Amino acid sequence: MAREHILIVEDEEDIRELMRYNLSREGYTVTEAGTGEKGIRLAREKKPELVILDLMLPGIDGLEVCRTLRNDDALKSLAIVIVTAKGEEPDIVTGLELGADDYVTKPFSPRVLIARVRAVLRRKAGEETNATEDSIIQREGMKIHPGRHEVIIDNDPVDLTYTEFKILHLLARRPGWVFTRYQIVDAVRGEDHPVSDRSVDVQIVGLRKKLGRYADLIETVRGVGYRFKE
Ligand code: CA
């Protein structure tokens with residue numbers, strides 16, 4: 001089976017080689033760029049399905065590359081996985097807010113990189129085919145009815161506030177996807193219940209309490225945000 005085309009943007013040759021070797025072995029077509037400038041050019045030229053983008057690059061840095069790629073209408077369906085050094089959570093947050101789909105922290109094992117790439121490509125593909133705004137989401141004994149603004153756990157309705165419901169629905173619609181606090185605020189903003197990024201944490205505490213045995217479906221991603229368990 002023909003696999004997807006992946007572009008690696010990374011200036012460190014050893015790491016690029018490690019990525020290329022492992023992705024090729026999985027059957028992906030791989031193109032490499034050592035600078036952000038070249039990365040942008042190759043992304044436009046080759047139209048890969050996914051870009052692995054190191055943030056620490058000479059010249060245009062990775063965040064700028066991410067912004068540029070995301071603002072390019074011709075690259076709407078391009079998946080972006082950013083790569084950062086451990087402890088660079090603020091960069092991860094910025095990258096996600098600029099539209100990156102996921103991230104990997106260095107040092108990473110090839111196995112983790114492949115798993116992340118595969119998951120992002122799968123989620124992207126699924127996103128295009130299903131899950132409209134109003135689809136009912138079910139996870140074991142928990143059902144989320146967006147149309148009715150209702151959550152049922154083991155046949156009993158759960159009393160969520162408007163904001164709690166919005167946050168749960170946002171996360172549950174895209175399992176595995178990490179949302180930063182700002183992205184959560186942004187998604188529920190403009191309603192009767194304004195939230196700050198600090199109060200997102202408070203909302204999550206309340207939400208987990210009400211979800212009872214399903215509380216751990218909402219995972220904390222340290223220093224970055226929250227996600228619904230995949
Ligand atoms: Ca680098």
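Quick rundown of the values:
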item: Within region 52-91, tally of residues that are more than 14 Å from the ligand (Cβ to nearest atom) and closer than 19 Å to Ile114 by Cα; result: 4
item: Meets criteria (open to solvent by less than 30 Å² (accessible area, probe 1.4 Å) and over 15 Å from Ile6 (Cβ atoms)) for Leu96; result: yes
item: Test set (1) buried (at least 21 other Cβ atoms within 10 Å of the Cβ); (2) in a helix (DSSP H, G or I) - Arg111 fails condition number; result: (1)
item: Lys210 vs. criteria within 18 Å of the chain's Cα centre (by Cα), surrounded by 12 or more Cβ atoms within 10 Å (Cβ to Cβ) and in contact (Cβ under 8 Å) with a residue 12 or more places away in the chain; result: no
item: Of all residues in region 77-98 being closer than 23 Å to Leu23 by Cα and out of contact with any strand residue (DSSP E or B) (no Cβ under 6 Å at 6 or more places or on another chain), the one that is modelled with the highest pLDDT; result: Leu78
item: Condition met for Leu42 (in contact with a Leu (Cβ under 7 Å, 6 or more places away or on another chain) and either within 11 Å of the ligand (Cβ to nearest atom) or of a type outside the set (Phe, Trp, Tyr) (or both)); result: yes
item: Residues (closer than 18 Å to Gly141 by Cβ and β-branched (Val, Ile, Thr)) located in region 202-230; result: Ile218
item: Failed item, numbered, when Arg122 is tested on (1) away from the ligand (no atom under 13 Å from the Cβ); (2) open to solvent by 30 Å² or more (accessible area, probe 1.4 Å); (3) assigned to a loop (DSSP other than H, G, I, E, B); result: (3)
item: Segments classed as strands (runs of 3 or more DSSP E), wholly inside region 127-230, with at least 3 members that are at pLDDT 90 or above and of a type outside the set (Asp, Glu); result: 137-139, 142-145, 150-153, 218-221, 225-228
item: Failed criterion for Glu164 (all others in (1) out of contact with any Phe, Trp or Tyr (no Cβ under 8 Å at 6 or more places or on another chain); (2) surrounded by 14 or more Cβ atoms within 10 Å (Cβ to Cβ); (3) outside the structural domain of Ser199 (by TED's automatic domain parsing) hold); result: (3)
item: Of residues in region 10-22 being assigned to a helix (DSSP H, G or I) and open to solvent by 20 Å² or more (accessible area, probe 1.4 Å), the one nearest to the ligand (Cβ to nearest atom); result: Ile15
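The values are calculated or read from the model by the stated rules, or taken from the named source; none is laboratory data. Given the structure is predicted, the values throughout are model-derived calculations rather than measurements. Here Cβ is always computed from backbone atoms with ideal geometry, including for glycine, and neighbour counts include all displayed protein chains. Accessible surface areas use protein heavy atoms only, side chains included; no ligands, DNA or RNA. Shrake-Rupley method; radii C 1.70, N 1.55, O 1.52, S 1.80 Å.
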